[in-house]
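Remarks on the structure that follows.
All of the numbers you see were taken from the coordinates with simple rules; none came from a lab. Just so you know, these numbers come straight off a predicted model, no measurement behind them. With ideal geometry, Cβ positions are generated from the backbone for all residues, glycine too; neighbour counts draw on all protein chains shown.
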Amino acid sequence: MGNENKRLLLGNAAVARGLYEAGVTFISSYPGTPSTEITEEAAKFDEIYCEWAPNEKVAMEAAFGASLAGRRSFCGQKHVGLNVAADPLYTMSYTGVNAGMVIGVADDAGMHSSQNEQDSRHHAIAAKVPMLEPSDSEEALCFAKLAFEISESFDTPVLLKMCTRVAHSQSVVTLGERTVPVKDYVKDIAKYVMMPGNAKKRHPFVEERTRKLIAYAEEGPLNRVEMGGTHLGIITASTSYQYVKEVFGDSVSVLKLGMTNPLPEKLIRDFASQVDKLLVVEELDPIIENHVKAMGIPVHGKDVLPMIDEFSQNLIAEKIGASGLLPAEEIPVVHKGRELSEAIPVRPPVMCAGCPHRGLFYTLKKNRCTVLGDIGCYTLGAVAPLSSIEMTLCMGASIGAVHGFNKATEGESENHTVAVIGDSTFMHSGMTGLANVAYNQSNSTVIILDNSITGMTGHQQNPTTGYNIKGDPAGKIDLEALCRAMGFNRVRVVDPYNLQECDQVLKEELAAAEPSVIISRRPCALLKYVKHNPPLRVKTDKCIGCKSCMRIGCPAVSMKPGPDGKMKATIDNTLCVGCGVCAQLCPVDAFVSSAAPEEV
Amino acid sequence: MNTKNIMIVGVGGQGSLLASKLLGQLFQMQGFDVKVSEVHGMSQRGGSVVTYVRYGDKVYSPVIDKGEADFIVSFELLEAARWLPYLKPEGVIVTNTQQIDPMPVITGAAAYPEDLVAKMLESGARVDALDCLKLAEQAGSSKAVNIVLLGRLSHYFDISEDVWMEALEKVVPARFLEMNKLAFALGKAQGQA
């Protein structure tokens with residue numbers, strides 16, 4: 001190394017660099033792990049306009065508008081975000097683009113931070129658009145640039161598929177220069193107005209484009225054969241390629257696919273003819289495998305490797321070693337380590353100390369509410385001891401579902417059933433659900449957990465915060481005014497640190513004879529501008545060890561033996577932010593501020 | 001050179017990302033191919049987190065698997081024990097002795113295991129344990145636990161202190177540099193070699 005053009009970059013930052021070098025001037029995205037840093041890193045380049053859109057569909061439409069106007073554009077999202085944006089995607093396949101347009105989608109095999117493990121390659125096939133899959137940061141940068149060439153040469157949006165291990169791994173990249181190609185906008189109704197008469201003419205173009213893309217895949221730079229030992233040939237892509245090389249080096253032959261839609265049939269056929277046995281190593285669904293099978297080529301895949309969870313080098317070594325596909329002397333080593341006989345307690349994620357959601361969930365549990373939840377940090381309200389949320393599906397589903405739940409029970413459930421949804425999720429897909437409550441009139445109670453940020457993905461601004469992606473002042477949507485405009489007469493605001501207020505307002509709104517919105521408002525405790533109180537401490541002489549304070553599941557509060565040997569509440573002062581919710585549960589006022597004078 | 005593997009494990013929010021960033025810089029400055037794999041999103045919220053740092057002539061996989069880690073750098077004792085199976089037979093665990101109760105322990109559903117350092121030693125692992133929180137507070141901030149640990153880890157590498165400091169300067173904001181240099185020195189001076 002030592003070369004000043006080399007940098008150690010996160011996969012997502014490498015995509016951002018590729019977008020910069022490709023001359024992108026417009027990016028619109030919605031945050032979602034593991035895709036978020038692409039847009040955050042791109043926003044650091046002054047030459048690129050970047051924004052967080054309210055949701056992925058809006059982001060993709062905005063990026064399409066920019067392409068139409070003749071500027072290279074990008075929109076990024078996680079795998080489930082592409083479902084939201086699927087509507088524009090499938091028809092953009094027909095219109096094609098003006099300036100190049102690339103769509104980033106990041107899958108999450110292993111579900112590190114997702115509600116399902118869907119495989120985005122299905123979208124590429126169904127929408128009939130090309131998909132590139134980098135396997136490290138260097139490829140992420142190069143493929144991002146190349147994707148714009150493909151987009152403009154073939155008149156198509158291009159999907160750039162990341163996965164958690166490529167998106168969130170740093171590796172070395174080579175930096176290049178930025179060039180900015182610009183096109184003129186030319187009115188073209190037959191190409192861009194997709195009404196039936198025009199769309200019928202565009203569909204044959206799409207099929208012809210796929211044939212041309214296959215020819216490109218055969219000869220182009222994205223797919224390559226690495227011949228080695230010929231007992232086994234492996235077709236692979238993305239991070240799976242790295243595991244294969246880690247285990248086998250050059251002892252097997254590899255067809256490494258950088259473009260996973262459409263597939264290069266001649267290249268696959270030629271490769272298959274040069275090896276004794278053929279195996280596809282791909283995470284999640286057997287997409288390449290099924291394609292090869294449909295070509296009539298004998299191939300192994302999901303009979304050897306799992307369809308569930310992400311892969312690793314040991315898994316590859318173990319499964320392929322046991323498959324019988326390799327001669328005994330070529331079976332790879334599976335590494336093993338020491339185990340303690342001791343049971344190690346699990347450490348699941350928890351709401352942070354001082355999290356404003358905690359007081360609200362305590363109130364819901366205390367009132368024995370049926371809580372239909374949504375996507376965000378507050379999904380952790382389903383975890384013991386709060387165990388409050390009973391359903392989480394997708395962005396916005398809490399409000400859609402609470403309406404259906406209450407309507408289906410003919411109102412029987414309405415005095416104890418609520419929807420909880422965060423501010424960013426509400427902007428994303430909650431507003432339309434709320435419109436349904438207002439329009440079709442269920443007596444539902446919707447609680448917006450407004451912590452003034454998009455929390456789970458690492459603090460992104462949204463339309464309710466008043467700031468844009470760069471932290472500059474921006475438009476700010478007034479939640480109360482919005483709900484009133486939809487026809488809600490009962491819009492209440494509570495402070496979730498105030499348990500008595502939460503309890504009273506919740507009871508009133510559940511009892512009310514019309515639908516309500518409760519806004520539980522307090523900024524995320526991790527926001528830098530939030531000023532915390534000094535940590536609390538427990539007066540051990542007062543604490544009676546009743547464990548009332550343990551019912552809120554705060555990581556800063558635990559029971560430890562006191563000076564008299566009896567179990568007493570204690571506070572971890574490195575975690576406590578002095579929110580005082582635990583103190584409100586104490587029957588003997590044992591919690592005091594650590595700033596208060598010590599008693600003699 | 002064959003690929004070397006360092007795992008950094010801890011509790012979400014303890015600063016393991018900064019530690020992995022520093023190591024990534026350090027090994028890249030040494031001219032190695034490097035991969036650093038991070039965890040973002042939900043598990044950051046107080047959950048068990050792991051970061052992988054790999055370096056060598058050519059690094060393929062971004063992750064470290066069971067039995068492969070040359071070093072496990074642990075911010076918390078229970079996490080050291082949790083990830084022990086990932087240690088190579090001859091590998092070393094450098095761990096903070098700080099204990100942070102996970103939620104099942106807080107709620108009383110499980111107990112925090114006792115004498116974990118002794119049990120890991122009994123298993124045959126090389127364990128280098130030190131109270132990093134105390135040293136970090138001595139340096140000026142409980143947040144410097146990560147740099148104390150790296151100071152301790154630096155014992156095991158034939159890399160000059162100047163190079164470590166250069167990597168530190170690249171990842172730590174200037175106003176915290178002096179405090180972190182002290183944290184590094186305190187970590188380096190402690191424990192068994």
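Between A:M567 and A:G562, the built amide H atoms are under 5 Å apart, and every one of these is 5 or more places off in sequence or on another chain.
Cross-link partners of A:K201 among aspartates and glutamates, defined as those whose alpha carbon lies under 17 angstrom from its own and excluding same-chain residues fewer than eight positions apart: A:D155, A:D188.
Would you mind checking B:K21/B:K66; A:K57/A:K145; A:K161/A:K528 for any pair whose Cα atoms are more than 25 angstrom apart? Too far apart for the 25 Å limit: A:K161/A:K528. A simple spin-label model places pseudo-atoms 7 Å from Cα toward Cβ; at A:I125 and B:D131 they are separated by 6.0 nm.
For A:K128, no residue has an amide H sitting under 5 Å from its own, ignoring neighbours fewer than 5 places away on the same chain, with H placed 1.01 Å from N.
Across the range A:152-160, coupling constants 3J(HN,Hα) worked out from phi with the 6.51/-1.76/1.60 Karplus curve, θ = phi - 60°, read 6, 5, 9, 6, 8, x, 10, 8, 10 Hz, and Gly and Pro carry x. Let me make sure I get this right: for the protein assembly as shown, a, b and c are the square roots of the gyration tensor eigenvalues over alpha carbons, sorted descending. Under 1.5 in a/c it's rounded, otherwise prolate if a/b > b/c, else oblate. Which is it? It is oblate, given that a/c is not under 1.5 and a/b is not larger than b/c. At a Förster radius of 35 Å, what calculated FRET efficiency corresponds to the Cβ-Cβ distance of B:S141 and A:D46, to the nearest 0.05? With a Förster radius of 35 Å, E is 0.60. Local charge for A:F271 was computed over the other residues whose Cβ lies under 13 Å away, with Lys and Arg +1 and Asp and Glu -1, and equals 0.
Computed from backbone phi, the HN-Hα couplings of the range A:516-530 come to 9, 10, 10, 9, 8, 10, 6, x, 3, 5, 8, 5, 5, 7, 6 Hz, rounded to whole numbers (Karplus: 6.51 cos²θ - 1.76 cosθ + 1.60, θ = phi - 60°; Gly and Pro given as x). Net length available on complete extension from A:A215 to A:N415 is 65.8 nm, with 0.36 nm assigned per residue and the Cα-Cα distance removed. Once backbone amide H atoms are built at 1.01 Å from N, A:D309 has A:G110 as its partners under 5 Å, excluding neighbours fewer than 5 places away on the same chain. Between A:Q441 and A:D285, residue separation times 0.36 nm minus the direct Cα-Cα distance comes to 52.0 nm. A full extension of the chain between A:S251 and A:I477 corresponds to an added length of 75.4 nm, given 0.36 nm per residue minus the alpha carbon distance. With a 10 Å cut-off around each Cβ of A:376-386, the average count of Cβ atoms from other chains is 2. The mean number of Cβ atoms from other chains found within 10 Å of a Cβ in peptide A:244-250 is 3, as a whole number. Could you tell me which residue out of A:S151, B:P62, A:L89 lies farthest along the dipole of the protein assembly as shown toward its positive end? Charges go on the beta carbon: Lys and Arg +1, Asp and Glu -1, centred on the Cα centre. Farthest along the dipole direction, towards plus: A:L89.
If R0 equals 30 Å, the separation of the Cβ atoms of A:M567 and A:N533 corresponds to a calculated FRET efficiency of about 0.70. Charges were assigned to the Cβ only: +1 to each Lys and Arg, -1 to each Asp and Glu. The resulting dipole of the range A:357-521 about its Cα centre is roughly 200 debye.
Normalised by the number of residues in the range A:357-521, the average gap of Cα pairs under 8 Å and 6 or more apart makes the relative contact order 23 percent. Using C-alpha pairs under 8 Å with a sequence gap of at least 6, the mean separation divided by the residue count of chain A gives a relative contact order of 10 percent. For the pair A:K366 and A:I308, label points projected 7 Å from Cα toward Cβ lie 4.0 nm apart. Given R0 = 35 Å, the distance between the Cβ atoms of B:E169 and A:A322 translates into a calculated FRET efficiency of 0.10. Between A:H231 and A:M194, the distance separating the two model label sites (each 7 Å from Cα on the Cα→Cβ line) works out to 5.0 nm. Hey, in the GNM for chain B with a 10 angstrom Cα cutoff, which one of B:A81, B:A167, B:A109 fluctuates hardest? Result: B:A109 has the largest fluctuation of those listed. In terms of distances greater than 29 angstrom between alpha carbons, the cross-link table entries B:K58/B:K134; A:K78/A:K200; A:K6/B:K181 yield B:K58/B:K134; A:K78/A:K200. Seen from B:D131, the other residues with C-beta closer than 13 Å to its C-beta sum to a net charge of -1, counting Lys and Arg as +1 and Asp and Glu as -1.
Remark: mean inter-chain Cβ contacts per residue of A:130-139 equal 1, using a 10 Å Cβ-Cβ cutoff to other protein chain atoms.
Ordering A:M195, A:S171, A:G228 by the projection of their Cα atoms onto the charge dipole of the range A:132-240, which places +1 on the Cβ of Lys and Arg and -1 on the Cβ of Asp and Glu, puts A:M195 at the extreme positive end.
To make sure I understand the rule: partners must be aspartates and glutamates, Cα under 20 Å from the Cα of A:K470, and not fewer than 8 residues away in the same chain. Which ones qualify? Straight-distance partners of A:K470: A:E37, A:E40, A:E41, A:D46, A:E47, A:E51, A:E56, A:D423. Think of the range A:536-593 as a dipole: +1 on every Lys or Arg Cβ, -1 on every Asp or Glu Cβ, centred on the Cα centre; then among A:G578, A:M567, A:V588, A:M567 lies furthest on the positive end.
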